[in-house]
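J.: Got a structure for you, questions after.
The values are calculated or read from the model by the stated rules, or taken from the named source; none is laboratory data. Since the structure is predicted, the reported quantities are computational estimates derived from the model, not experimental observations. Reconstructed Cβ throughout: ideal geometry from the backbone, glycine too, with neighbour counts over all protein chains shown.
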Amino acid sequence: MTTRSCPCGLPEPYDRCCGRYLSGAAAAPSAEALMRSRYTAFVGRDAGYLLRTWHPRTRPARLDLDPDVRWTGLEVLGATGGSAFHTTGTVTFRAAFRGGSLHERSRFERVDGAWVYVDGDFLED
Ligand SMILES: [Zn+2]
């Protein structure tokens, strides 16, 4: 049991935030929660979780995570759809890493009830 705060930026301990999703104990209830958990998986280089939460249509055969990238923070800037009442959603975010940041609008869909990542567009700063 760890009490460290979650890497995704929410003021919750990891175990009560994204940790539940990465361990498979619970499913992310919204597109934003899934997006945050995928960021947390990038921080921990959990390629298995990233592939599991990738739409089968767009999922790569394998994922090589760069061990030199140090993620330093996530800021969710906006979201559309993505709730229990939707089957699609988008989340716009900025993910910072040492030396730069990634500004993206990601698309999510529900497959068999579970939110999965489809693809994303890079945005101008
Ligand atoms: Zn979290």
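J.: I'm checking my understanding of the structure. Among residues of the stretch 1-27 that are closer than 17 Å to GLY113 by Cβ and near the ligand (Cβ under 10 Å from one of its atoms), which one is farthest from the chain's Cα centre (by Cα)?
T.: ARG20
J.: Consider ARG52 against the criteria (1) over 13 Å from the mean Cα position of the chain (by Cα); (2) more than 29 Å from ASP125 (Cβ to Cβ); (3) not aromatic (Phe, Trp, Tyr): it satisfies all of them except one. Which criterion is unmet?
T.: (1)
J.: From the set of residues in the stretch 110-125 that are closer than 20 Å to ALA26 by Cα and over 15 Å from the mean Cα position of the chain (by Cα), which is surrounded by the fewest Cβ atoms within 10 Å (Cβ to Cβ)?
T.: ASP112
J.: Consider the stretch 31-54. How many of its residues are in contact (Cβ under 8 Å) with a residue 40 or more places away in the chain, assigned to a loop (DSSP other than H, G, I, E, B) and within 12 Å of the ligand (Cβ to nearest atom)?
T.: Number of matching residues: 0.
J.: Answer with yes or no whether ARG57 is touching a strand residue (DSSP E or B) at 6+ places or on another chain (Cβ under 8 Å) and either at pLDDT 95 or above or within 16 Å of the ligand (Cβ to nearest atom) (or both).
T.: yes
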